[in-house]
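In what follows, a structure is listed as structure tokens, so that the remarks can point back to it.
The values are calculated or read from the model by the stated rules, or taken from the named source; none is laboratory data. Only a predicted model underlies this, so the values are computations on that prediction, with no experimental measurement involved. Neighbour counts are summed over all protein chains in view; Cβ atoms, including those assigned to glycine, are modelled from backbone coordinates with ideal geometry.
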Amino acid sequence: MRGGGAALREGMRRVNGAPALLAAMCGVTLLIALPLALALGGMLKDHLGPSMTADAVAAGADYGWWTEFERQATGLGATFQPSIGGFGAVLRNISALLDNQPLAVTIAGATAAWLLIWSFLTGGIIDRLARARSTRTPGFFAACGIHMWRLLRLAAVGLAIYYVLFAWIHPAIFEGFYVALTRHVVVERTAFLIRVGGYALFAAVLAFFSVILDYARIRIVVEERRSALAAVAAAARFVRRHFGAVAAVYLLNCALFLGLAAVYALLAPSVPGQGIALWSALLLGQTFIVGRHYLKLVFYASQCALFQSALAHAPYTGGPHLAWPESPAVESIINAEPTVR
């Protein structure tokens, strides 16, 4: 396998052969979001009560009531803003990330729960994508259990890295360099372009360390590594030695996400409709979420494919079912075709 395009095609092939992974990711996301949705629904019900406004809201968007609800809402209710609908939610999430905006306490709790569950599931997901064959439920959860604590230690390392990026690097760019560069700027467009350059710089730094952590996860699972720090160091070496291919895989996956986001932006209504239009908007939003999960799996699968091909960990193509906990690297070597000398 050579180049990012081949790795991406192989990653898509592996994900297409694992529909249960996509269904599981969507199901876990729904289970985490459901309690928040029920709690928010209770707040809306209490605020509306048996009023005529309730009938108007049920029929479609009522921005007069929405503004009134926003003024008095606290906690989880404060997150119920017009920007959560349609493509505005995508832009809001990207803006919050680049501007280092803190999460609401309730959302932060749900995010922490998602990260904890994801740390458990990641081992099984990467193992399944690395083997490129069904491992069945026992095999999947065996891989989850084997790698969970290693991946949690890696998550702690990742949190430390992200803390440095958002607590030190982000302020240095936007409170240091940006302020210094725009101190004497009188043209708003110039200041805007400088800020966009700051966003691009911070996004590049964030992407670089994110990629290293991705390959550290892959090395932990595929190579049965136990040390999180050693996995990060090994991942950094891999990224350095194969920077072109790694960058190509990353950029191609980003292009797929931008394409999905562009289609969603074109199709998503700016103002919620009524009846069929409202349900169509909700269905479109859920389709976009499923698409995001699919691309997340493709991201991991294409990185796995690139890593396995670059380090001679040939992907599993068939053979006897091996007893756990053999790693994907061991299985691929055992089942590889014999070399004739």
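Just a few scattered comments:
- Subset tally (residues that are surrounded by 20 or more Cβ atoms within 10 Å (Cβ to Cβ), over 22 Å from Arg14 (Cα atoms) and not basic (Lys, Arg)) for region 118-150: 0
- Against the test of being crowded, with 16+ Cβ neighbours inside 10 Å, more than 23 Å from Phe299 (Cα to Cα) and more than 23 Å from the chain's Cα centre (by Cα), the options Arg189, Arg195 yield a single qualifying residue, Arg195.
- Which listed residue, of Ala235, Ala261, Ala265, is touching a Phe, Trp or Tyr at 6+ places or on another chain (Cβ under 6 Å), surrounded by 14 or more Cβ atoms within 10 Å (Cβ to Cβ), over 22 Å from Ala130 (Cβ atoms) and not polar (S, T, N, Q): Ala265
This table checks each residue for (1) in a helix (DSSP H, G or I); (2) touching a residue at least 24 places away in the same chain (Cβ under 8 Å); (3) closer than 25 Å to Gly11 by Cα.
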position: Ala180; (1), (2), (3): yes, no, no
position: Arg240; (1), (2), (3): yes, no, yes
position: Leu251; (1), (2), (3): yes, yes, yes
position: Ala261; (1), (2), (3): yes, yes, yes
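- Cross-chain or 6+ apart pairs with Cβ under 6 Å, region 101-128 first and over 26 Å from Gln308 (Cβ atoms), then at pLDDT below 85 and assigned to a helix (DSSP H, G or I): Ala104/Thr79; Thr106/Gly75; Thr106/Leu76; Ala110/Ile32; Ala110/Leu36; Ala113/Ile32; Trp114/Ile32
- Matching residues in region 177-200 - criterion: being under 30 Å from Phe238 (Cβ atoms) and touching a helix residue (DSSP H, G or I) at 6+ places or on another chain (Cβ under 6 Å): Gly198, Tyr199
- Look at region 280-305: where a residue is under 14 Å from Ile125 (Cβ atoms) and a partner is of a type in the set (S, T, N, Q), sitting 6+ places away or on another chain with Cβ atoms under 6 Å, you get Phe299/Asn253.
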